[in-house]
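Q: Below are the structure tokens for one structure; questions will follow.
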Amino acid sequence: MKERAYQSVMLRAIIDFLREAGKETVLRVHPTPSAKEFHDTFLFIYNIVFEDDHAAGAKKMDEEVIELLRVARYPWIDSLAKLSFTIITPHIWPHLLSTLHWMVQLYDVRNFWSWPRESLTSSSMIGASLRRAEIRISSMKTTWMKVNLSISLSYFVYSYATWEMFG
């Protein structure tokens, strides 16, 4: 998660997802996004992935994000809950980036399993997501990144199946 190459892969997937979903502004990431940008992006992705219409509440941003991730059964909630991210710093950003990426992957996995393979068209968001993932995996130069991404996808499939069973 702290490797720059893997962060780039995660960021590219998130930005592609945001653009395909019609979000006008995407994350400013250099060096880190503002807390408001992260919060807006988090809620945008959360509402799509979990088919919710949650709007920013009266709670502090980090408390609200933690509460929503608990409901969503985010696997690494305990380590994230220990962080304060009212101001996003470079050492906190990888954790938040992986949270956004987890939701995007969960969306891709859910749609992959719920749509018949032959019905995926070039105009569908999930079809674009699958092509994006295939291109990313095939274009990776190092084998360890291909293995890492494949393991991550397998874990997300497992996480989603668990969420469906008990959610």
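Q: How far apart, in nanometres, would the label points at Ala35 and Lys60 be if each is projected 7 angstrom from Cα along the Cα-to-Cβ direction?
A: 0.8 nm
Q: Then there's this: What are the ³J(HN,Hα) couplings of the stretch 39-53, residue after residue, when phi is run through the Karplus curve with 6.51, -1.76, 1.60 and θ = phi - 60°? Round to Hz, x for glycine and proline.
A: In residue order, the calculated couplings are 4, 4, 5, 4, 5, 4, 5, 4, 5, 6, 5, 9, 6, 10, 10 Hz.
Q: When the expected Rg is taken as 2.2 N^0.38 Å, what fraction or multiple of it is the alpha-carbon Rg of the stretch 1-69?
A: My calculation over the Cα atoms of the stretch 1-69 gives 1.15.
Q: When Trp102, Trp76 are ordered from fewest to most other Cβ atoms inside 10 Å of their Cβ, what list results?
A: If I rank by nearby Cβ atoms, fewest first, I get Trp76, Trp102.
Q: Quick check on packing: order 3-15, 88-100, 25-37 by the mean number of other C-beta atoms within 10 Å, highest mean leading.
A: So the order, starting with the most tightly packed, is 88-100, 3-15, 25-37.
Only the coordinates and a few stated rules stand behind these numbers; no lab work does. Quick caveat: nothing in here was measured; it's all calculated off a predicted structure. Positions of Cβ are generated from backbone atoms using ideal geometry, with glycine treated the same way; all protein chains shown enter the neighbour counts.
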